[in-house]
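Only one structure is covered here, and it is reproduced in the block below.
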Amino acid sequence: MQAGHAVCLDAKIEMGSRAELRAVQEERFQVMQRHAYEHSPLMRRKFDSVGLRPSDLPDLSHLPKLPFVTKDELRESQVAVPPYGDFMGVPVEKCLRIHQTSATTGRPLLVLDAWEDWRGLYLAYARALYAAGVRPADMAMPAFSFGPWIGFWLSVYALQEIGALLYPSGGMSTEQRLDTLLTYPITVVGCTPSYALYMIEQARRKGIDLATQSKVRLTFHTGEPGASIAGTKRRLQEGFGALAFDLPGLTEVVLWGFECAEQSGKLHLNEDYCYCEILDPESGAEAPPGDVGELVVTNLFRKSLPLLRYRTRDLVRRAAEPCPCGRTLACIDGGIIGRLDDMKKVRGVIVYPSRVEEAVRRFEAADEFQIIFRRRQGLDDILVRVDPSPTLAEEERQHLRQRMSAELRNELGLRVSVEIVASGSLPRFEHKARRVVDERTEVPF
Ligand SMILES: [Zn+2]
């Protein structure tokens, strides 16, 4: 057994020296950039567009010479060369898995993986689950749908890699899943944060307290950043009586980060699977520790998707201090601070819906919410609709509205209208939530 195995699945990578990690990254980068140039037409065009060849990038310090790759380019490639596009690095015949992104707008992106790619993807996931504390003695229920979305399948393979007892609930209804949680000694549950809150709420409506009546001790969450939003995390933890962990990642990249059992507020980066740049959105230069930047990742293992300098559109903050767990992998403070795609501008102020969620979730009495960006008398305005707990008395509704207005104003630095709607009237989400509505006909940028 390796030193550090008690807390790490890959102690050599997770706890090794930075120099050793850098050597691994450099070696993998050389393999990957040559592979990308030789096998991916889209990536070859990227090199050609700046007149470079792989030999011009002898190490990772030269990486910024390459242009970025965006998700739109991958989508456009799949439109121009249907159905898979021209960015793949291995022939379709060698692939064994196909998944698609859960696009909220536009066409979903199809991604295919050959065996070694798939193995890397689920090993990165297994590392994350193990770091959170999942062990062979656990019984785990991934509560994702088992369609073409990658989350369910990765969690199944990762749990199998760890050796936990798997209870697959891909095709079950919420009612069946709740019944299963009361019937079997399931200790680990994985799902989107929105769905976890929905399960907690549905259980309560049936008079079930999952915190005391289930055996769940740990929950893991992907698909949305909720488990790193303080108020949401607390709700998840209290609702299940368990520790909740955030596993951020992208279908077309890898699970790029994970939260360890220390729950120090920092997330580790899976730097051997992807080389991470955190770039200032204005200057494009590496953001210093403590500053917010966009995460740009260079794939170091996935030959089917040999993407170099892929823009994740996720804003993160590189941590200035290491995590107390002892891992040497780089850290970010908190999870995804905001997504560039979700960014809204209201009366000149930048607003991320995650900040609204942060404020709303501080109120126990708010079960669900919706954010509406609208224009009234020529001025941008934010309306937050709040679906209150069914136990909230009529006279308390007004009080909740006032307190939440004040909290949101404090959080965003903007006046926000709050409306308390009928309990149970806003939509609930079994996958990723769609809580933001932008009614403005023209967005001012
Ligand atoms: Zn840690």
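The values are calculated or read from the model by the stated rules, or taken from the named source; none is laboratory data. As the structure is a prediction and not an experimental result, all values here were calculated from the model. Don't worry about glycine lacking a Cβ; one is built from the backbone with ideal geometry, like all the others, and counts go over all protein chains shown.
Assorted remarks:
- Some residue of the range 149-172 being touching a residue at least 40 places away in the same chain (Cβ under 8 Å) and among the small types (Gly, Ala, Ser): yes
- Per-region count, the range 171-192, residues part of a helix (DSSP H, G or I) and touching a Phe, Trp or Tyr at 6+ places or on another chain (Cβ under 8 Å): 2
- In the condition set (1) assigned to a strand (DSSP E or B); (2) of a type in the set (Gly, Ala, Ser); (3) within 16 Å of the ligand (Cβ to nearest atom), GLY293 is compliant with all but (3).
- Screening the candidates ARG234, ARG204 for the property of being among the charged types (D, E, K, R), free of Cβ contacts under 8 Å to residues at least 40 places away in the same chain and out of contact with any helix residue (DSSP H, G or I) (no Cβ under 8 Å at 6 or more places or on another chain) yields one hit, ARG204.
- In the range 114-171, the residues that are surrounded by fewer than 18 Cβ atoms within 10 Å (Cβ to Cβ), closer than 17 Å to CYS95 by Cβ and among the charged types (D, E, K, R): GLU116, ARG119
- Identification of strands (runs of 3 or more DSSP E) wholly contained in the range 298-358 with 1 or more residues that are farther than 30 Å from MET15 by Cα, touching a residue at least 24 places away in the same chain (Cβ under 8 Å) and more than 16 Å from the ligand (Cβ to nearest atom) yields 344-346, 349-351.
- Number of the condition not met by PHE220 [criteria: (1) assigned to a helix (DSSP H, G or I); (2) touching a residue at least 12 places away in the same chain (Cβ under 8 Å)]: (1)
- For the range 165-180, the criterion of being of a type outside the set (Ser, Thr, Tyr) and within 20 Å of ARG127 (Cβ to Cβ) is met by at least one residue.
- Of everything in the range 81-104 that is aliphatic (A, V, I, L, M) and at pLDDT 95 or above, the residue that is farthest from LEU305 (Cα to Cα) is VAL81.
- A count restricted to the range 70-96 and to residues that are surrounded by 18 or more Cβ atoms within 10 Å (Cβ to Cβ) and more than 14 Å from PRO41 (Cα to Cα) stands at 3.
- Complete set of residues in the range 268-277 that are touching a residue at least 40 places away in the same chain (Cβ under 8 Å) and more than 10 Å from the ligand (Cβ to nearest atom): LEU269, ASN270, GLU271, ASP272, TYR273, TYR275, CYS276, GLU277
- Pick from the range 181-201, criterion within 15 Å of HIS431 (Cβ to Cβ) and over 17 Å from the mean Cα position of the chain (by Cα), ranking: surrounded by the most Cβ atoms within 10 Å (Cβ to Cβ): MET199
- Pairs meeting the criteria (first residue in the range 250-267 and hydroxyl-bearing (Ser, Thr, Tyr) and more than 8 Å from the ligand (Cβ to nearest atom), second residue assigned to a loop (DSSP other than H, G, I, E, B) and at pLDDT below 95, beta carbons under 6 Å, at least 6 apart or on different chains) are THR251/THR101.
- The range 224-249: number of residues that are more than 14 Å from the ligand (Cβ to nearest atom), assigned to a loop (DSSP other than H, G, I, E, B) and buried (at least 23 other Cβ atoms within 10 Å of the Cβ): 4
- Residues (surrounded by fewer than 24 Cβ atoms within 10 Å (Cβ to Cβ) and of a type in the set (Gly, Ala, Ser)) located in the range 304-330: ALA319, ALA320, GLY326, ALA330
- In the set (1) outside any loop (DSSP other than H, G, I, E, B); (2) hydrophobic (A, V, I, L, M, F, W, C); (3) more than 16 Å from the ligand (Cβ to nearest atom); (4) under 20 Å from the mean Cα position of the chain (by Cα), the condition left unmet by ALA211 is number (4).
- Residue match in the range 102-116 (condition: without any contact (Cβ under 8 Å) to a residue 12 or more places away in the chain, out of contact with any Pro (no Cβ under 7 Å at 6 or more places or on another chain) and either of a type in the set (A, V, I, L, M, F, W, C) or closer than 26 Å to GLU161 by Cβ (or both)): yes
- Condition check for ARG44: touching a Phe, Trp or Tyr at 6+ places or on another chain (Cβ under 9 Å) and either assigned to a loop (DSSP other than H, G, I, E, B) or within 29 Å of ASP280 (Cβ to Cβ) (or both): yes
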